[in-house]
1. Answer yes or no: is there a residue in region 124-140 that is under 25 Å from residue 17 (Cβ atoms) and free of Cβ contacts under 8 Å to residues at least 40 places away in the same chain.
2. Only residues that are at pLDDT 95 or above, touching a strand residue (DSSP E or B) at 6+ places or on another chain (Cβ under 8 Å), within 16 Å of residue 41 (Cα to Cα) and in a loop (DSSP other than H, G, I, E, B): list them for region 1-24, please.
3. I'm trying to understand the selection: among the residues of region 132-153, which are assigned to a loop (DSSP other than H, G, I, E, B) and within 21 Å of residue 84 (Cα to Cα)?
4. Tell me which residues, restricted to region 1-27, are under 17 Å from residue 72 (Cα atoms) and under 25 Å from the mean Cα position of the chain (by Cα).
5. Would you say residue 192 is outside the structural domain of residue 72 (by TED's automatic domain parsing), part of a helix (DSSP H, G or I) and farther than 30 Å from residue 82 by Cα?
6. Closer than 20 Å to residue 138 by Cβ and either at pLDDT 95 or above or more than 19 Å from the chain's Cα centre (by Cα) (or both): which single residue out of 37, 75 fits that description?
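The values are calculated or read from the model by the stated rules, or taken from the named source; none is laboratory data. If you're wondering where the values come from, they're calculated on a predicted model, not measured in any experiment. In this analysis, Cβ positions are derived from the backbone assuming ideal geometry, glycine residues included, and neighbour counts consider all displayed protein chains.
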């Protein structure tokens with residue numbers, strides 16, 4: 001399952017049923033889970049493009065059932081976090097880049113030529129349109145849909161569609177949520193939370209306090225509130 005034309009470091013740890021195509025390059029200190037497919041010319045675990053990196057031992061860790069298409073690059077971590085992590089069941093399409101110390105969770109789709117700068121975090125079930133550029137330290141929430149060609153310099157809170165230029169909130173990802181089994185009641189709660197955040201004339205802190213006081217606690221409400229409170233870059237505006 002490993003092409004003789006691929007390079008796989010003897011220090012890499014490769015899982016079961018992994019396919020590595022010709023001219024792929026798997027460097028030292030890579031852990032690659034089961035049932036992954038690395039397509040031609042992908043480069044996994046190369047040293048990061050960070051001038052602070054001084055050769056310290058760091059890692060690239062990739063979970064199970066991932067598809068890494070042609071010319072994908074995933075760099076190892078730096079002393080900042082020590083590892084770049086890509087979870088399980090992720091599709092990373094051709095020419096995408098995942099920089100040092102990024103954390104990608106599970107069931108993510110990164111469309112062609114998406115570029116993640118260092119220390120970006122992407123939560124479960126996010127879909128990022130092709131050619132998107134993501135600023136370092138940004139956080140992309142779960143179940144979002146991001147328009148292709150976007151430039152992301154703010155955090156993208158969960159469950160939304162982000163589009164336009166500059167990037168903005170354009171509604172909730174109701175189609176995606178329906179497909180993933182969210183109930184009408186859950187979707188309504190998400191809509192109501194974002195109506196208060198974006199359309200009620202309050203600043204963000206006031207809106208979050210109002211939400212916690214007036215919308216019963218549930219996983220969807222708390223996921224949004226916790227994400228927005230934790231944001232250091234600020235969330236996209238409407």
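1. Going residue by residue through region 124-140, those that are under 25 Å from residue 17 (Cβ atoms) are 124-125.
Then keep just the ones that are free of Cβ contacts under 8 Å to residues at least 40 places away in the same chain; that gives 124.
Yes: one or more hits.
2. Hits for region 1-24 are 3, 6, 9, 18, 21, 24.
3. Looking only at region 132-153, we keep the residues that are assigned to a loop (DSSP other than H, G, I, E, B), and these are 132, 135-138, 141-144, 147-150, 153.
Once the filter is applied, which keeps residues that are assigned to a loop (DSSP other than H, G, I, E, B) and within 21 Å of residue 84 (Cα to Cα), region 132-153 yields 132, 135, 136, 137, 138, 141, 142, 153.
4. Scanning region 1-27 gives 18, 19, 20, 21, 24, 25, 26, 27.
5. Spelling it out, residue 192 is indeed outside the structural domain of residue 72 (by TED's automatic domain parsing), part of a helix (DSSP H, G or I) and farther than 30 Å from residue 82 by Cα.
6. Numbers: 37 fails: closer than 20 Å to residue 138 by Cβ.
One residue alone meets the criteria, 75.
The rows are residues; the columns are (1) in contact with a strand residue (DSSP E or B) (Cβ under 7 Å, 6 or more places away or on another chain); (2) exposed (fewer than 14 other Cβ atoms within 10 Å of the Cβ).
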{"position": "158", "(1), (2)": "no, no"}
{"position": "170", "(1), (2)": "yes, no"}
{"position": "182", "(1), (2)": "no, no"}
{"position": "185", "(1), (2)": "no, yes"}
{"position": "206", "(1), (2)": "no, yes"}
{"position": "210", "(1), (2)": "no, no"}
{"position": "217", "(1), (2)": "no, yes"}
{"position": "224", "(1), (2)": "no, no"}
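Each row is one residue, and each column tells you yes or no for (1) outside the structural domain of residue 77 (by TED's automatic domain parsing); (2) within 20 Å of residue 98 (Cα to Cα); (3) in contact with a helix residue (DSSP H, G or I) (Cβ under 9 Å, 6 or more places away or on another chain).
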| residue | (1), (2), (3) |
| --- | --- |
| 1 | yes, no, no |
| 11 | no, no, no |
| 15 | no, no, no |
| 21 | no, yes, no |
| 25 | no, yes, no |
| 29 | no, yes, no |
| 33 | no, yes, no |
| 38 | no, yes, no |
| 41 | no, yes, no |
